[in-house]
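Novice: Quick one: the structure is below, questions incoming.
The values are calculated or read from the model by the stated rules, or taken from the named source; none is laboratory data. Bear in mind the structure is a predicted one, so any value in this text is a computation, not a measurement. Note that we place each Cβ from the backbone using ideal geometry, even for glycine, and neighbour counts take in every protein chain shown. The protein model used for the area step is the full one, side chains on, heavy atoms only, and it has no ligands, DNA or RNA in it. Shrake-Rupley method; radii C 1.70, N 1.55, O 1.52, S 1.80 Å.
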Amino acid sequence: MIETQTSVKSESLLKMLLGEMIRKQATDMHISADSSPMLRIDGKLIMMQLRPFSEEMTKMLAYSLMTNAQRRKFERDLDLDFSFGVKGLSRFRCNVFHQRESIAISIKSIPYEIKTPQDLRIPPEVFQFGEVKNGLVLVTGPRGSGKSTTLSALIKRLNEERRSHILTVEDPIELVYNSMSGIVNQREVLKDTKAYEIALASVPRQDVDILFVSEANDAEKLLSTLKVADMGLLVFATMRSRDAVSAVMRFIDLNMPYYLINGALRMIISQRLLRRICPNCRRVVTPDDDLLRSIGIDPMKVKNYNFYRGSGCPKCNGTGYQGRIPVFESLKITPVIRTMIQAGTSVIELWREAVNEGMIPMRKVALRYMLEGETTLDQVASETISYQ
Ligand SMILES: [Zn+2]
């Protein structure tokens, strides 16, 4: 009896928390013992107006999210990653882990609806794969930089336009795609396949045209991704890295065989999200000259421009920001860049050559948004880097 009451209680509490998360357009929610739940809104954590959760309550919530099999796995591994859906609300990706001998929960919301590149403000050049018929296209950025959102828009478009067999290998599956012009099969690591590398090794026997793999971060995953991409299909993968040139340096640092880089690596798209100034409390400010110089701008040259920031209002929870804007850079692996990779180049040399060959660096894109009054100097300085 008591058992039933507690599970009903935790279920309704959970529903309330997830509902609040969606209502406030939070991307993540964190629940830890002895603390009030936190929501991540536009990149910043905001505490919910609730009393701190006890250790017992946190555990109850975590267990109410898991199936029996997942509970057993969690008790064995102490860490568990899974996804779930709440009808009429959203899908969520959840990680449950231990900290200071109690349980903590991180929940990320995954919208049901897949947005179009226009809605996401992805510039057309990012989606120009006309000349890339095969090989590896990497989408890179730090955690929470919108890589999966970009890739989902891309899968959606390819699914609409091409009569192809699209296969995804994900850990775990986030968005679910319906087959359209072609067919989409989605495999989840540990559910539909024993391991990432095993799923990739089967690809040549599955008549796949386009493969999507998530988080090819370590040497083993990267190597098996490159090998598959070298077999003539088009492969898209996500990887965590600061920017496009750092992703190339990763291939060198991880000693990826040059013949595979040469044969398979085609393009690297890197992205970040900049916080957008709240339009409700936006005002003109005097920029900090030292900060301008630190990002390579001569204060004299921009004295005719207006700089803005939000002063904070109820609409933006007092943060001065509302929503985010993605910034991209895309680096083509040209013959010159390939030769530089083989010779073991430095990150600065690589960056200079990429810019020479037409890459518009993310910092430059971000500066344009800043001068258009969409984001702040602080955001540009903290979120983008330059090798100049
Ligand atoms: Zn505001």
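Novice: Return yes when Gly344 is within 16 Å of the ligand (Cβ to nearest atom) and among the small types (Gly, Ala, Ser) and no when it is not.
Specialist: So Gly344 fails the test.
Novice: Here is a further query. Please indicate, with yes or no, whether at least one residue in region 306-313 is assigned by TED's automatic domain parsing to the domain that holds Met362 and under 21 Å from the mean Cα position of the chain (by Cα).
Specialist: The answer is no, given that none of the residues of region 306-313 is assigned by TED's automatic domain parsing to the domain that holds Met362 and under 21 Å from the mean Cα position of the chain (by Cα).
Novice: Would you confirm, using the coordinates I've provided, whether Ser152 is exposed (fewer than 15 other Cβ atoms within 10 Å of the Cβ) and assigned by TED's automatic domain parsing to the domain that holds Ser214?
Specialist: Taking the combined requirement at face value, the residue does not satisfy it.
Novice: How many residues does region 289-316 hold that are within 16 Å of the ligand (Cβ to nearest atom) and in contact with a strand residue (DSSP E or B) (Cβ under 6 Å, 6 or more places away or on another chain)?
Specialist: Final tally of qualifying residues: 5.
Novice: Output yes when any residue across region 49-66 is in a strand (DSSP E or B) and surrounded by 15 or more Cβ atoms within 10 Å (Cβ to Cβ), and no when none is.
Specialist: Yes, region 49-66 contains a residue that is in a strand (DSSP E or B) and surrounded by 15 or more Cβ atoms within 10 Å (Cβ to Cβ).
Novice: Would you call Leu138 out of contact with any Lys or Arg (no Cβ under 8 Å at 6 or more places or on another chain), open to solvent by less than 80 Å² (accessible area, probe 1.4 Å) and closer than 30 Å to Ala229 by Cα?
Specialist: So Leu138 fits the description; yes.
Novice: Do we find that Thr339 is within 16 Å of the ligand (Cβ to nearest atom) and open to solvent by 30 Å² or more (accessible area, probe 1.4 Å) in this structure?
Specialist: So Thr339 fails the test.
Novice: When you scan region 103-121, do you find a residue that is closer than 30 Å to Leu234 by Cβ, at pLDDT below 90 and over 17 Å from the mean Cα position of the chain (by Cα), even just one?
Specialist: There is at least one residue in region 103-121 that is closer than 30 Å to Leu234 by Cβ, at pLDDT below 90 and over 17 Å from the mean Cα position of the chain (by Cα).
Novice: Which of the residues spanning region 98-119 are under 15 Å from Glu75 (Cβ atoms) and open to solvent by 100 Å² or more (accessible area, probe 1.4 Å)?
Specialist: Glu101
Novice: Which is in the same structural domain as Leu223 (by TED's automatic domain parsing), within 16 Å of the ligand (Cβ to nearest atom), surrounded by fewer than 18 Cβ atoms within 10 Å (Cβ to Cβ) and under 27 Å from the mean Cα position of the chain (by Cα), of Gly373, Gly320?
Specialist: When all the criteria are applied, what remains is Gly373.
Novice: Which of the numbered conditions does Val245 fail, given that it passes all the others? Conditions: (1) at pLDDT 90 or above; (2) closer than 18 Å to Ala381 by Cβ.
Specialist: (2)
Novice: Does region 337-385 hold any residues that are among the acidic types (Asp, Glu) and free of Cβ contacts under 8 Å to residues at least 40 places away in the same chain, and which are they?
Specialist: Glu349, Glu353, Glu357, Glu372
Novice: Next question. If a residue has to be more than 18 Å from Cys278 (Cβ to Cβ) and open to solvent by 50 Å² or more (accessible area, probe 1.4 Å) to count, how many in region 24-37 make the cut?
Specialist: Residues in region 24-37 being more than 18 Å from Cys278 (Cβ to Cβ) and open to solvent by 50 Å² or more (accessible area, probe 1.4 Å): 2 in total.
Novice: Could I ask something else about it? Go through (1) more than 22 Å from Asp171 (Cα to Cα); (2) in contact (Cβ under 8 Å) with a residue 60 or more places away in the chain; (3) touching a Lys or Arg at 6+ places or on another chain (Cβ under 7 Å) and name the single condition Ser83 misses.
Specialist: In the conditions (1) more than 22 Å from Asp171 (Cα to Cα); (2) in contact (Cβ under 8 Å) with a residue 60 or more places away in the chain; (3) touching a Lys or Arg at 6+ places or on another chain (Cβ under 7 Å), Ser83 misses (1) alone.
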